[in-house]
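Report on one structure; see the data block that follows.
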Amino acid sequence: MRFNKLDLNQLVVLDALLSTRSVGKAAERLFLSQPATSCSLARLREYFEDELLVPVGKAQVLTPLAEELVKPVRDVLLQIQTITRARPTFDHATSTRRFTIEASDYVISVFLSEVVKHAAKLAPLMQFDLRAISPQTPEHLENGEAELLIAPEFARVAGHPAEPLFEDTFSCLVCAQYQTVGDNLTEDEYFDAAHVGVEWGGGRRTTFDARLLSTSNRTRRQTVIAPTFTLIPMLLVGTSRIATLPSRLAYQMAQRFPLRVLECPVGIPAFTENLQWHKYQERDPAIAWLRSLFRETAQRLPPISGHIVKNGVGSSAAGRAKDKRAKAAGSRKTSKN
């Protein structure tokens, strides 16, 4: 089909060329041969009377006109995608739709794991592609590569709707065998200790908790920076290091590893994880249903105060084992009497 003498099928090729800046990568994305993609580029150049892609050294860069076309072309295709997905009704029980969601591994551990668990019962054919949040996440939401994003306030993408999901605070996590620190961690002990941090967002070079601790006039000694939250237990066990991380995740880790959860002595403010979707998907019934599932799951999360056992020994796997041994010894003593 043509519109103003432009073959509309070429818009898909144009979008791939503008986003990849490579004939080869565009061909791979569209499952076309490179010669066919090169022919499409030639036709697009003729139509727009512009080179669109020009070689600079070993790379291809966009011309000024091509730069101007990136957003409108992507927006048109997203709107077409919304139209093609429109149905009079949406039946989650039979839907085979695949959703791409970007979030930190912390959010995947404490929240999305619950979402997919509920979805397995309500929408057994639905598929989820969970991806790590990254510096490219805003671009992924903009161009439709990701339908949903879960991120704290500072990482929200401007220009797209959002709603708060759940709140969390920060707690400290230490090895259960690390007895130098008692059940009440002092501020001096906190800043004197070696710390494990998590490089939030893949390559941002800033740890997640450091963003919220930046108001403090004291600095920490971060001896280890991990790429993900899920590596923290292995980097704490058998050491005297401290990790400062979201309380919900700290509690979850203390249930599975010999770790203690301690109240953070530094006043790090609470934060909220927000759900975002593309503005063109505001009325997508499938996205609307999934958003409602997210809301319901968030409401079922236990309160933070009920999560954290301030007596650190009682909150760790080692502590629970110790409690069981003590109870067993007490029972034997009672039976002898």
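Residue-wise test of (1) surrounded by fewer than 18 Cβ atoms within 10 Å (Cβ to Cβ); (2) under 20 Å from residue 155 (Cα atoms); (3) modelled with pLDDT under 90.
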residue	(1), (2), (3)
213	no, yes, yes
239	yes, no, no
251	no, no, no
256	yes, no, no
Kindly list, by first and then second residue, each pair from a residue in region 123-138 that is within 15 Å of residue 293 (Cβ to Cβ) to a residue that is of a type in the set (Phe, Trp, Tyr) and surrounded by 13 or more Cβ atoms within 10 Å (Cβ to Cβ), limited to pairs with Cβ atoms under 9 Å and residues at least 6 apart or on different chains. 123/289; 126/99; 127/99; 128/99
Scan 192, 188, 183, 168 and give me the residue that is surrounded by fewer than 19 Cβ atoms within 10 Å (Cβ to Cβ), touching a helix residue (DSSP H, G or I) at 6+ places or on another chain (Cβ under 6 Å) and not hydroxyl-bearing (Ser, Thr, Tyr). 183
Within region 151-164, restricting attention to residues that are over 7 Å from residue 274 (Cβ atoms) and of a type in the set (A, V, I, L, M, F, W, C), which residue is surrounded by the fewest Cβ atoms within 10 Å (Cβ to Cβ)? 158
When you check residue 65 against the structure, is it at negative phi, not aromatic (Phe, Trp, Tyr) and not in a helix (DSSP H, G or I), yes or no? no
Mind checking which helices (runs of 4 or more DSSP H) fall wholly inside region 271-337 and carry at least 2 residues that are surrounded by 12 or more Cβ atoms within 10 Å (Cβ to Cβ) and modelled with pLDDT of 80 or more? 285-300
If residue 97 satisfies every condition in (1) in contact with a strand residue (DSSP E or B) (Cβ under 8 Å, 6 or more places away or on another chain); (2) crowded, with 19+ Cβ neighbours inside 10 Å but one, which is the exception? (2)
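Residue-wise test of (1) of a type in the set (D, E, K, R); (2) out of contact with any Cys (no Cβ under 6 Å at 6 or more places or on another chain); (3) at pLDDT 85 or above.
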| residue | (1), (2), (3) |
| --- | --- |
| 2 | yes, yes, no |
| 5 | yes, yes, no |
| 9 | no, yes, no |
| 13 | no, yes, yes |
| 18 | no, yes, yes |
| 23 | no, yes, yes |
| 34 | no, yes, yes |
| 39 | no, yes, yes |
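The values are calculated or read from the model by the stated rules, or taken from the named source; none is laboratory data. A quick note: this is a predicted structure, and the numbers were derived from the prediction, not measured. Glycine also receives a Cβ, built like all others from the backbone with ideal geometry; neighbour counts cover every protein chain displayed.
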